[in-house]
Amino acid sequence: MPRNPQPLIVHARDAEEVPLPGGGRFRLLEDSRATGGLLGANRLVLPAGADGTRPHHHRLSTELFHVLDGTMEFLIDGALTAVDEGGLIVVPPGTVHAFGAADDGPAEFFAVLTPGIERFGYFRQLGRIARGEAKWDSMDGLHDRYDVHFVGGPQWR
């Protein structure tokens, strides 16, 4: 348990935004520092049909997703499931998963990872890769640092 966790308020105007192609974006809310490692939190907007990530798992963190708008498609341990606005997904450590927006429109979700690991550097680098400013292999060697371990290639749907 973190020592002396304090209440946290993050106003939308104070959250960093990482732009993605097609109008998508990460909104970085908490990188686990202010909560003493209790959690990390972000929002993600994806254009219609866009992948959010390739199949991966976390060794340490449970990941919770709440779909705020549209329909998200989740690959969880090999099963593809569409989850509409208002749906909740909880992915325990070690579970291979991937996600993206359904083809019929943009989608947005709120994600929490617990315990929190400082991952904002990971999300910033994903933004650079998506915008063509960096290559995918720039993530090599960072998997343990960010507790994101990829399984297979980018094609999953």
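The values are calculated or read from the model by the stated rules, or taken from the named source; none is laboratory data. It should be emphasised that the depicted structure is a prediction, and the values quoted were computed from it without experimental measurement. Positions of Cβ are backbone-derived with ideal geometry, glycine not excepted, and every protein chain shown enters the neighbour counts. What goes into the accessible areas is simple: the full protein's heavy atoms, side chains included, and nothing from ligands, DNA or RNA. Shrake-Rupley method; radii C 1.70, N 1.55, O 1.52, S 1.80 Å.
Data overview
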{"quantity": "Cα-based equivalent ellipsoid, the chain: semi-axes from gyration tensor eigenvalues, Å", "calculated": "22, 18, 17"}
{"quantity": "Helix 120-130 axis, angle to the chain major axis (alpha carbon atoms, nearest 10°)", "calculated": "20 degrees"}
{"quantity": "Segment residue 69-residue 138, extension gain: residue separation times 0.36 nm, minus the distance between their alpha carbons", "calculated": "21.7 nm"}
{"quantity": "Separation of the residue 155 and residue 15 label points, Cα + 7 Å toward Cβ, nm", "calculated": "3.4 nm"}
{"quantity": "Surface share of carbon and sulfur [accessible, 1.4 angstrom probe, percent] for segment 51-141", "calculated": "52 percent"}
{"quantity": "Where segment 26-142 is the region considered: accessible area per residue in Å², 1.4 Å probe", "calculated": "43 Å²"}
